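The values are calculated or read from the model by the stated rules, or taken from the named source; none is laboratory data. Fair warning: this is a prediction, and the values are worked out from it, not measured in the lab. Using ideal geometry, Cβ is built from the backbone for each residue, glycine included, and neighbour counts are taken over all protein chains shown. Just the protein is used for accessible areas: all its heavy atoms, side chains included, with ligands, DNA and RNA removed. Shrake-Rupley method; radii C 1.70, N 1.55, O 1.52, S 1.80 Å.
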Amino acid sequence: MAIKYNRRRFVKTVAAGVGSAFLLPTRGADVIVWRFFTNAEARLVDAITEQIIPADQDPGARDAGVINFIDKQLASRLRRHQQVYRVGLAGVEETSRVMFKEDFAALKAEQQVEVLKALESGKAKGETWRKQSSSAFFRLIRDHTMAGFYGGPQHGGNRGYASYKMLGLDYPQIIGQNRYRRK
Amino acid sequence: MALKQVNAVVVGAGAGGGVVAKELSEAGLSVVLLERGGWATFEQHGHDELISQRITILGNAFGPDDERYRRVVSAGPGKWRVVLPSEGGYNNNAACVGSGTVSYGAMAWRFMEKDFRMRSTYGAVAGSTLEDWPISYSDLEPFYEKAEWEIGVAGDMSTNPFSPPRRKPYPMPPFPLNREGETLQAAAKKLGFHPFPVPMLRNSVPYNGRAACIKCRYCVGFACEVNAKCGTHNTVIPAAIATGNCNVRTHCVAKEVAVDDRGFAKGVSYFDADDREQFQPADLVVVSASATETARLLLNSKSKLFPTGAGNRSDWVGRNLQGHAYAGAWGLFEQETFDDVGAGATIAISDFNHGNPGLAGGAMLANEFIRLPYLFADRRPPGAPSWGKAHKDFQRRFYKRSMSVMGPVQEMPVFDARVEVDPEVKDHWGIPVARISGHRHPHDVEIGRFTSSKAELWLKEAGAIQTWTNVPGLGVSGGQHQAGTCRMGNAPKTSVTNKHGQLHDIPNIFVADGSLHVTNGGFNPALTIMALGYWVGDYIRKNWKGPKSFRS
Ligand SMILES: Cc1cc2nc3c(=O)[nH]c(=O)nc-3n(C[C@H](O)[C@H](O)[C@H](O)COP(=O)(O)OP(=O)(O)OC[C@H]3O[C@@H](n4cnc5c(N)ncnc54)[C@H](O)[C@@H]3O)c2cc1C
């Protein structure tokens, strides 16, 4: 599956420590070093967040750079959630294999949705969810996906104000010069 | 090196503390105003929803920070949980010069006459410490007026028959209705409600040397980019500094009020911006650190005569923690209701604050401030999907076609809803942190159900195609509207201060912030807190006879 990660290269931060080289399938020469995620986790998070906000006539989580937001925040302000992500992401793979015998990213879209619904309901199968609540993890990543999609681009997501464009909100809002008009 | 003795130390430069500092320094007292945060600027956050004081997922733009501050909250019987300032349970307001008044929505309410006489009006409510205030609306009226004119309020109460009496009009004309306001005004009239413009601590016209509001979409949760919002940071605190008598010390964290063996305060110890411990000697101390932190500071101020904390001889410090159960309704519309004219809340009714059959109180209802996109992602009818294509479809269809009408339910004070000091957890400076427990009174939920049904009715009349109500549960109260933890009263056994905000136990310690509230009104509290700042300040000024004042 071709994944369009963003064009920029990231400096590996000392704090993350676990970042690793990731070859972009579409642009072989670029190497992305994640701040927190491993390559395998990044592939998974990309797939999860794209189901939470799928692309249609408007950009989805992937095009808006949501994974970049989450990775960046997990290595800084949201560092306290690192462990929950590490365990939770392993849990998503586990549930995916129990339900469909494949990694989450390799599943069909409908199957991915089923896995996420199982997580959301708190009824997901897997040893991992004895340690940590699947619904709480789902809420967390869902919330971070929304924050990455709707927050300001300076935090790593909402590339090009994709979500503001979708909602028809001008940015920046310049009083007296708004392009937005009542319809 | 010991610092030079001053007449007064005020702890906390928020709504109450900013006003008191100005009143005292204007009267000629030498004042040190200690504030744990710094001066806030627009540049610190811009229009960043994720760090706005309302959302905070990535931190609080206006403090406190997640690195140095902690609180402990109840997590079920006998269980406790440590929380960070950016997490919901922390019950944050703000930490900067001006505190919440920098980033607030700036609704500027006077409480009604009955709000000061809740016990006389409704009788005893089982499980609640519901009581009358020791002062009446008419006692406070001149100080409301002072707050409105010195800090600046835009409004017009002429169409609100429930408005309490006032001697003077507002200094600024009201804000015009935005599109939501127009739609709701027509509907309210059809229903026989009495709509009026929301009074705002925000310049509708140039006032006090500052610009008029530009009606941007970002207001509540943000500092104003043109400085049109009126807080203590851009009005009374600069006025205090201008007297030459007030020294504002920012990034200074008060640790305790030192009380001598005769039972009088002698000053405040605090950590300065470099984390060095300092002692500021003073003739009197005013604690204005907000309902949670004022209680914590007094409880941490242990002395020989008062081993359980200052003002706490009857074990009332920290009790009766109140906030507001925000109840209301949402409505979805066919037509666009959004016009991008901020701040957004423009219309209110006071029809359901009192006189509701079988209920001990009620709430003001107003349309909500503009909902920014991330916040709106969580506003859904019950059971609606919160993600996937359905999420996007909902955002696209309804972001500009929805309205919300909400109101702060006046809560029944509960003795066991309280702030204590945690026996183990300490902050960055080694000071024991506040620990919060207890829950709302069940009657708050009943009132919320009633007021939210009225909000829903209003939205339906305005043409909503779908509506749903939102009533908070029995969780811990407090939050941005926290109040009540150092109740004022006439009986030392059942209150912490007298009617002047002076501790019953230690006459040269005063409280001047939301802690004093006996009950919290069915309105946002800031203007009342400011009025109390003037009230307490006035008493101190009138009775100040030099350094030995307030020693008997
Ligand atoms: C986003 C938001 C929207 C709001 N909207 C409204 C509204 O529309 N209308 C309304 O009426 N109210 C509103 N409020 C609430 C309002 O801001 C508060 O009610 C009010 O500021 C409380 O006043 P206070 O004096 O009790 O405490 P505060 O104003 O919080 O002042 C306390 C000060 O003490 C400082 N402090 C605490 N501990 C220490 C210490 N140990 N040492 C030194 N300094 C210390 C704090 O940093 C703070 O600056 C809003 C608040 C927020 C955050």
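Accessible surface computed residue by residue for chain B, with neighbouring protein chains in place and a 1.4 Å probe, gives 33 Å² per residue.
Between B:SER552 and B:ARG68, the C-beta separation translates, for a Förster distance of 35 Å, into a calculated FRET efficiency of about 0.30. Convex hull volume per residue, computed on the Cα atoms of region B:12-96, equals 124 Å³. With 26 Å as the limit on Cα-Cα distance, the pairs of B:LYS229/B:LYS266; A:LYS165/B:LYS389; B:LYS190/B:LYS400; B:LYS392/B:LYS454; B:LYS168/B:LYS548; A:LYS123/B:LYS389 that go past it are B:LYS229/B:LYS266; B:LYS392/B:LYS454; B:LYS168/B:LYS548. Taking a ≥ b ≥ c as the square roots of the eigenvalues of the Cα gyration tensor, region B:222-313 is classed as prolate, since a/c reaches at least 1.5 and a/b is larger than b/c. In this assembly, the A-B interface accounts for approximately 3400 Å² of buried accessible surface in total, computed with a 1.4 Å probe and without ligands, DNA or RNA. Quarter the surface of the alpha carbon convex hull of the protein assembly as shown and you get the mean projected area, 31.8 square nanometres.
Here's the picture: a label point sits 7 Å out from the Cα of B:ALA75 along the beta-carbon direction, and within region A:78-120 the residues with their amide nitrogen under 17 Å of it are A:80-85.
Summarised as an ellipsoid, region A:33-153 has semi-axes of 21, 17, 13 Å, derived from the eigenvalues of the Cα gyration tensor scaled by 5 and square-rooted, with the largest first.
Centroid-to-centroid, using Cα positions, region B:314-389 and region B:124-182 are 19 Å apart. Distance between the pseudo-spin-label points of B:ARG449 and B:THR159 (7 Å out from Cα toward the beta carbon): 3.3 nm. Each of A:ASP103 and A:THR38 was given a label point 7 Å from its Cα along the Cα-to-Cβ line. The distance between the two points is 1.0 nm.
Kirkwood radius, region B:139-188, all distinct C-alpha pairs, inverse of mean reciprocal distance: 12.4 Å. Here's the picture: a label point sits 7 Å out from the Cα of B:SER269 along the beta-carbon direction, and within region B:282-326 the residues with their amide nitrogen under 13 Å of it are B:300-304.
Counting only protein heavy atoms and a probe of 1.4 Å, the accessible surface of chain B is 52% carbon and sulfur. A 1.4 Å probe over all protein chains sorts B:HIS504, B:HIS428 by accessible area into B:HIS428, B:HIS504, starting with the largest. A Förster distance of 51 Å, applied to the separation of the beta-carbon atoms of B:ARG397 and B:ASP315, puts the FRET efficiency at 0.40. Computed from label points 7 Å out along Cα-Cβ, the spacing between B:ASN490 and B:VAL425 is 4.0 nm. Across region B:419-519, the convex hull enclosing all Cα atoms gives 181 Å³ per residue.
For the protein assembly as shown, DSSP calls about 70 percent of its internal beta bridges antiparallel.
Note on chain B: Cα-only Rg and Dmax are 22.3, 71 Å.
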